[in-house]
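My questions all concern the structure below.
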Amino acid sequence: MPCKQSLIEEYDRFYLHNPRIWIDDSRNKFAFSALSGYLKQAPASVLDVGCGNGHTIKYFSERWQDTRFTGLDLSPVAIKIAKKLNGMNIFSEFCYLLEAA
């Protein structure tokens, strides 16, 4: 099993190489449609663990404007990109949550 630091470095490399990696509005559209149908109304808050560059939060927040969003990711590079691409300060690292048991 890879150590925490090697995982962080691997994801940082992905995001440094392609800051818009994994952005796919068809995936976001599907996820939003599925959740909207299940929930019947916009939730008060959403936590996106593994938010990456924040594209899903951006998509959802444009549709659920009264919902409070929080994004967490392992990669400091991804968090920096999420803040820049989305103009939101709702993203933070969660490296400390990955300590071995």
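Give me the Kirkwood hydrodynamic radius of the range 35-78 in Å, from all C-alpha pairs, to one decimal place?
11.0 Å
Could you size up the charge dipole of the chain around its Cα centre, putting +1 on the beta carbon of Lys and Arg and -1 on that of Asp and Glu, and report it in debye to the nearest 20?
300 debye
Using per-residue counts of other Cβ atoms within 10 Å, averaged over each peptide, order 40-49, 62-71 from highest down.
62-71, 40-49
Could you go through the range 16-23 in sequence order and give the Karplus-derived ³J(HN,Hα) for each residue, using 6.51 cos²θ - 1.76 cosθ + 1.60 with θ = phi - 60°, rounded to whole Hz, and x for Gly and Pro?
Working through the residues one at a time gives 5, 6, 8, x, 9, 4, 6, 6 Hz.
Here is a follow-up. Using a Förster distance of 30 angstrom, determine the FRET efficiency expected from the C-beta separation of ASP24 and LYS4, and round it to 0.05.
The value I calculate is 0.65.
Which residues' amide hydrogens lie under 5 Å from the amide hydrogen of PHE91, considering only partners 5 or more residues apart or on another chain, with H built in the peptide plane?
GLY71
Using the Cβ atoms and a cut-off under 14 Å, what net charge is assigned to the surroundings of ASP25, where Lys and Arg are +1 and Asp and Glu are -1?
Residues close to ASP25 contribute a combined charge of +3.
Taken together, the values in this text are just the output of simple stated rules run on the coordinates, not laboratory data. Nothing here was measured: the structure is a model prediction, and the numbers come from that model. Every residue, glycine as well, gets a Cβ built from its backbone with ideal geometry; the counts of neighbours run over all protein chains shown.
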